[in-house]
C-alpha cells in the first residue's frame, strides 16, 4: 500500500478507532477471558500484560479510505466487507457471504447481522454505499481512486465526465445488502473490497467534522479495536471495542504504537524492552545475527513486494528505450542483494514476485540481467559513449521509506557511475512532496517500493502500470499493446487471463518502463513471549508487518 508503503515497519496493524462513547463491558475472569469475552490460551499472561508495543511513524489522519498515504499505521482501522487470511484467501468480515452474477459483473454482499459502530449505531449496507461513493468522489482527493475504476462509471465519475453518482454501480439494496456493478466481468472484485482503502466511514461524523472526523474526540470505528489515546508526537493506544461482534475479535487488550521519526532508532528500544518487535535493516541485521541471544529471535519471511526504478519516459534522456535498457543491464542485482542488503532481499527481474499468482519472472530474467558490456553498448548507441554528454540526473528517494532505500540508492549510484560513467545525484524528498510529484509525473528518475494490495496480477501490473491521465496514475509510461492485454486479462473469468498478463509483463520488462531491483525479505526481531502468530498452509509464519492479511486477531502475550 501500494501504495506505497514502508513495509519494513508495518507491525500488525491491528487498529480500529473510536473515541466518542463507551460500550458496556461485562465482568470477566481475570487472566482467562479478555474484556470482550474471548477465551485466552492457557499459557497467556494476565490481562494487564496483554499489550503489544511496536514502532511506526505518526499518521496525520486515520481516514484510510481516501488518504491512504497519510493514514500510515491505520490499515486495520476499519473492518472491510471481506479480509484476507494467512493464505491470502478471502474470509468473511463485515459481509458474512457474497456472490456474483453468472457473467461476473454484479457482486452482492450480505452484511453481518447485528454489527455495530463503536458508538453503538448499526453498521449497514448504506454505510458502505456512502463510503464507496466517497472513494470515487473527485472532491475527496482520493489518490487511490483508480483502484475502483472497475466499477461501472467509476472512472467517468472520478474524472469528471459524469456528475450523477446514481449512475455509478454502487448501491445499497437494503440495510443488509450491498451491491457493486462492474464495467465488465471482474473476477478480482472481492479482492478489491478486501483492500485497506475499501474501509467504511461513519457518514454522520464525516459530514459533521469533515477532515477532522478522525481526530480523537470525533472518530468512530467498526472493528475489534478503538482508539483510546493519541498523544501527539509520542504514541497512540488502541483498546478492544466491546461493540464489535464479528469473527475477528482479538486477544490482546491493547496495542501501543510508539511514533518513530525519519531517523530509525536501531535495535535499542527492542533490546531495552520498550517494544516487542522490530524490523531489521541491513546494518542492524549484520550485527544482530552475530549475537546468539538476538539471533534466536530473528524471523525471516518473503512477502509480495517489489522495489524498482522508474523514469519520466516522455522526457530526454529517458524517452530513449536504449537508455532505460542500459540502466537495467548495468545493475548487479546479485551483489546488491547479497552484499549491500546483507541478504535481506532476492534479485528481481519482474514486477510480480516469486510465488505470486501468474509469476513468470524466471522467463524474463535475460531482459534485464546484469550485462555490463551490453549496457555500455546500448548507452553508446543512444549517443552517450562512456556516459559523455549524459545529463546529471536526480534519483528521487522517499525519506520515509526504510533504510534499505538509502543503502540501495547509494549502491545504484555507484554501479551506474562505474559501469556507464553517468552521474546520478540522490535527492531525498519528504513523503508528501514525493507523492505529489509522482502523480504529476515530475520525477525524472525515482526508486519506489510496491507491496501487493491483493493477490492478483491485475493489482501489481494493471493498477500500477495501466496508463491513466496525469494526476490519476504514478507513471507516464504508455504502451497501447500493454494496455490492451491488461484490459483483456482483467475481464477474463478463467485461467485464460494468466497468459495475457504474462505477455503484458514481458512488454513492461522489455521496454524497461520499470527497472526491477529486488524483492525484500521481511526480517523481524520478535520477543519470545509473542504467541499466536499465524502460519500459512506451507508452514511459513506470516510477517507481523503484513498489511494485507489479518494476522493480529490471535496474537497474545505468553506468561513464559
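Among the candidates 292, 279, single out the residue that is crowded, with 17+ Cβ neighbours inside 10 Å and at pLDDT below 95. Criteria check complete, one pass: 279.
Residues in region 365-381 that are outside any loop (DSSP other than H, G, I, E, B) and under 15 Å from residue 308 (Cα atoms) were compared, and the one that is farthest from the chain's Cα centre (by Cα) is 367.
Candidates 107, 98: the one that is surrounded by fewer than 21 Cβ atoms within 10 Å (Cβ to Cβ), at pLDDT 85 or above and touching a helix residue (DSSP H, G or I) at 6+ places or on another chain (Cβ under 8 Å) is 98. Give the residue, chosen from 119, 85, that is surrounded by fewer than 23 Cβ atoms within 10 Å (Cβ to Cβ) and modelled with pLDDT of 95 or more. That would be 119, the only listed residue that is surrounded by fewer than 23 Cβ atoms within 10 Å (Cβ to Cβ) and modelled with pLDDT of 95 or more. Take residue 529 and tell me if it is in contact with a strand residue (DSSP E or B) (Cβ under 9 Å, 6 or more places away or on another chain), buried (at least 19 other Cβ atoms within 10 Å of the Cβ) and over 30 Å from residue 375 (Cα atoms). No: the conditions fail for residue 529. Once region 313-323 is narrowed to residues that are surrounded by fewer than 18 Cβ atoms within 10 Å (Cβ to Cβ) and within 19 Å of residue 440 (Cβ to Cβ), the residue that is modelled with the highest pLDDT is 319. Scanning region 342-356 for residues that are more than 27 Å from residue 288 (Cα to Cα) and over 18 Å from the mean Cα position of the chain (by Cα) gives 349, 350.
Of the residues making up region 310-330, those that are under 16 Å from residue 423 (Cα atoms) and in contact with a strand residue (DSSP E or B) (Cβ under 7 Å, 6 or more places away or on another chain) are 311, 318, 324, 327, 328. Within the set 309, 327, the sole residue that is modelled with pLDDT of 95 or more and part of a strand (DSSP E or B) turns out to be 309. Restricting attention to region 503-560, the residues that are modelled with pLDDT of 85 or more, in a loop (DSSP other than H, G, I, E, B) and in contact with a helix residue (DSSP H, G or I) (Cβ under 7 Å, 6 or more places away or on another chain) add up to 3.
Within the option set 217, 229, 207, being at pLDDT 95 or above and either out of contact with any helix residue (DSSP H, G or I) (no Cβ under 8 Å at 6 or more places or on another chain) or part of a loop (DSSP other than H, G, I, E, B) (or both) holds for one residue only, 207. Residue pairs whose Cβ atoms lie under 6 Å apart, sitting 6 or more positions apart in sequence or on different chains, and linking a residue in region 332-353 that is at positive phi to a partner that is not in a loop (DSSP other than H, G, I, E, B), are 342/282; 342/285; 342/286.
Looking at residue 334, is it surrounded by fewer than 21 Cβ atoms within 10 Å (Cβ to Cβ), at pLDDT 95 or above and over 24 Å from the mean Cα position of the chain (by Cα)? So residue 334 passes the test. Scanning region 331-342 for residues that are more than 24 Å from residue 464 (Cα to Cα) and touching a helix residue (DSSP H, G or I) at 6+ places or on another chain (Cβ under 7 Å) yields a count of 5.
The values are calculated or read from the model by the stated rules, or taken from the named source; none is laboratory data. Given the structure is predicted, the values throughout are model-derived calculations rather than measurements. Here the Cβ is made from the backbone with ideal geometry for all residues, glycine too, and neighbour counts use every protein chain on show.
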